Structures are given as C-alpha cells and as structure tokens.
Amino acid sequence: MRADQPHSQETSARPRADRPAPQGPARAGAAAVVLEAARDNAAWCDAMCRAHGLPGRFTAQAWTNPRRTPPYYPDAVTLSPAATEADVLGGIDASLGASVKDSFAALDLAPHGFHVLFEARWLHRPAAPAPDPAGDVAWGRVRSASELREWERACFGGEADGLFPPSLLEEVAILYGRRDGALVCGGVLTLTGEAVGVSNVFATGCDDDTAWAGTVAEAARLFPGRALVGYEIDTAPAERHGFTPTGPLRIWLRS
C-alpha cells in the first residue's frame with residue numbers, strides 16, 4: 001500500500017535497503033505518524049496500480065486514480081486532513097464500486113452515495129531491533145513469479161489470482177514464512193519515505209503472532225533503523241509486537 005512528498009504518478013514505492021535511515025522518523029508525534037503512514041499507503045496503492053498499467057495521480061491533498069483500481073485497492077487515498085470531498089471525487093470514477101481511503105476519518109461521503117465499509121487505526125512501531133522469531137518457520141523474500149503465485153494463493157485463499165504482477169518484486173519486499181516447505185504466512189514491506197510500510201500480514205498455517213513476529217524481524221533486518229507504519233482493523237496482534245495505534249481511518253464504498 002506507502003514518497004515523502006509525492007508529486008507525480010511516477011512516484012516509486014521501491015524499497016531500498018541502502019537509503020540512510022533518518023534520525024528519529026515520525027518524531028513529531030501522532031499527527032506526523034499518520035501523515036507518513038498515509039503517504040506510504042498511497043504510494044503502495046500507486047505501485048500496485050502501475051503494475052497493472054493504471055498509474056494514479058498525487059496532489060498535496062490526495063492520491064487518486066481516474067480508472068477503477070485492482071480489487072482490494074481504493075480509488076483514492078487522502079494525504080491531508082484538509083482534503084475535501086471534491087479533492088477526492090473529482091479525481092476518480094465515482095460510480096458504483098468506487099472506494100475511498102479516508103486517512104483522517106474526516107470526510108463525509110454519505111451525501112454522494114457512499115457508506116463506511118469499515119473503520120481501522122493507523123499503527124506505528126518506533127525504530128528498534130527485533131528479536132529473531134522463535135519456532136520452526138523459516139523466513140525469506142519472494143524472488144520469482146512462481147513463488148509469487150504461491151504466496152498470492154496463500155494470502156488470498158485462491159480468490160485473487162494475478163492480483164500481484166511479478167513487476168512488484170522490483171518495487172516492494174514481499175515476505176514469506178515456510179514450515180516444512182509449505183508457505184504458511186507472509187507480509188509486504190514498502191519503503192517510500194522515512195518509515196517502512198507493513199501490509200498484507202497473513203497467517204494460514206500458523207498463528208498471527210508468528211506472522212507478525214517474523215514480519216517485524218524481517219523489516220528490522222532489511223531496513224535497520226526505520227520505524228514501521230501500517231493499519232489494521234484489529235490492532236491487537238500488531239500491538240503485541242511493538243506497534244501503537246494512532247489515528248483513525250475509514251474506507252468508504254459506493255454500492
């Protein structure tokens with residue numbers, strides 16, 4: 001789903017382990033954390049859309065895409081609490097099926113035919129070493145198209161075949177956990193600004209804590225000295241691994 005100051009549709013979400021870590025990312029408090037998390041998430045959405053030949057557009061207020069985005073990905077992400085309904089709806093196909101990530105829970109899209117699909121909380125974990133995960137799950141990074149298809153089937157239960165094009169392997173770090181050779185958990189890491197975005201954490205053949213512990217440990221190994229950001233509906237698993245919930249967000253859907 002994260003470009004510190006995104007300004008064009010060519011903003012890259014490519015993770016770079018060789019970027020120097022900032023001195024104390026998101027040190028200005030919860031408001032700065034939410035801004036960073038929203039920017040990262042928008043850049044991740046743009047990376048996914050570009051992989052499908054559907055680049056979006058960044059302004060100071062929002063990321064928007066004039067064409068319908070891939071499944072599970074919004075048509076717009078607000079980047080400022082000052083964003084208005086017009087900033088969002090003017091840049092998307094607002095017909096049935098349109099969705100908007102209201103990063104600051106500040107919009108009222110109900111008069112435009114939208115309803116709140118769900119609410120969630122942004123998450124932040126300060127830069128800190130992570131212990132090596134215990135247990136018998138071995139972690140690694142997806143490197144091939146065939147391995148990506150296997151990861152996708154595990155993550156989405158076979159309901160999103162082809163959602164993750166192989167070109168994304170050059171943009172983001174897609175992680176897997178294996179037990180006895182079987183892919184049982186994973187996640188996605190994005191580095192587009194000061195912090196590393198964490199998304200798509202899943203567990204199919206292990207528990208949530210194993211998935212989160214491994215994802216956090218891999219993030220610390222690949223991107224040392226970086227804070228982590230993301231969002232979840234249920235924040236409890238992330239909280240057990242050092243994340244703190246911050247501001248609210250909403251997903252609006254027109255149906």
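A count restricted to segment 113-148 and to residues that are over 30 Å from Gly177 (Cα atoms) and surrounded by fewer than 16 Cβ atoms within 10 Å (Cβ to Cβ) stands at 4.
Among the listed residues Arg254, Arg240, Arg226, Arg250, identify the single one that is out of contact with any Pro (no Cβ under 7 Å at 6 or more places or on another chain), over 25 Å from Ser99 (Cβ atoms) and not β-branched (Val, Ile, Thr). It would help to see each step written out before you state the result.
Details: Arg254 fails: over 25 Å from Ser99 (Cβ atoms); Arg226 fails: out of contact with any Pro (no Cβ under 7 Å at 6 or more places or on another chain); Arg250 fails: over 25 Å from Ser99 (Cβ atoms).
Arg240 is the lone residue from the list that is out of contact with any Pro (no Cβ under 7 Å at 6 or more places or on another chain), over 25 Å from Ser99 (Cβ atoms) and not β-branched (Val, Ile, Thr).
Condition test on Leu117, is it of a type outside the set (Asp, Glu), in a helix (DSSP H, G or I), modelled with pLDDT of 95 or more and within 20 Å of the chain's Cα centre (by Cα)?
Here the answer is no, as Leu117 does not meet what is asked.
The set of residues in segment 128-155 that are within 18 Å of the chain's Cα centre (by Cα) and part of a loop (DSSP other than H, G, I, E, B) contains only Val142.
Test Ala76 against the criterion of being within 24 Å of Asn200 (Cβ to Cβ), modelled with pLDDT under 95 and crowded, with 16+ Cβ neighbours inside 10 Å, and give yes or no. In short, no. Only residues that are outside any helix (DSSP H, G or I), touching a strand residue (DSSP E or B) at 6+ places or on another chain (Cβ under 7 Å) and either closer than 22 Å to Ala37 by Cβ or of a type in the set (Val, Ile, Thr) (or both) were counted across segment 67-106, and they come to 16. Gly97 - would you say it is out of contact with any Lys or Arg (no Cβ under 6 Å at 6 or more places or on another chain) and at pLDDT 95 or above? In short, yes. Checked against the criterion of being on the phi < 0 side of the Ramachandran plot, more than 19 Å from the chain's Cα centre (by Cα), not acidic (Asp, Glu) and not in a helix (DSSP H, G or I), segment 156-176 has no qualifying residue. Of the residues that sit in segment 47-66 and are closer than 15 Å to Val88 by Cβ and of a type outside the set (Gly, Ala, Ser), which one is surrounded by the most Cβ atoms within 10 Å (Cβ to Cβ)? Of everything passing the filter in segment 47-66, Trp63 is surrounded by the most Cβ atoms within 10 Å (Cβ to Cβ).
Within segment 225-255, the residues that satisfy the criterion of being within 25 Å of Thr210 (Cβ to Cβ), in a loop (DSSP other than H, G, I, E, B) and over 16 Å from the mean Cα position of the chain (by Cα) are Gly225, Arg240, His241, Gly242. Picking from residues in segment 100-157 that are among the small types (Gly, Ala, Ser) and in contact with a Lys or Arg (Cβ under 7 Å, 6 or more places away or on another chain), the one that is farthest from Gly90 (Cα to Cα) is Ala138. Only one entry in Gly205, Gly187 is of a type outside the set (Lys, Arg), assigned to a strand (DSSP E or B) and in contact with a strand residue (DSSP E or B) (Cβ under 6 Å, 6 or more places away or on another chain), namely Gly187. Among the residues of segment 43-79, those identified as of a type in the set (Val, Ile, Thr) and either more than 23 Å from Phe156 (Cα to Cα) or in contact with a Gly (Cβ under 7 Å, 6 or more places away or on another chain) (or both) are Thr59, Thr64, Thr78.
The values are calculated or read from the model by the stated rules, or taken from the named source; none is laboratory data. Everything quoted here is computed from the prediction, not taken from an experiment. Reconstructed Cβ throughout: ideal geometry from the backbone, glycine too, with neighbour counts over all protein chains shown.
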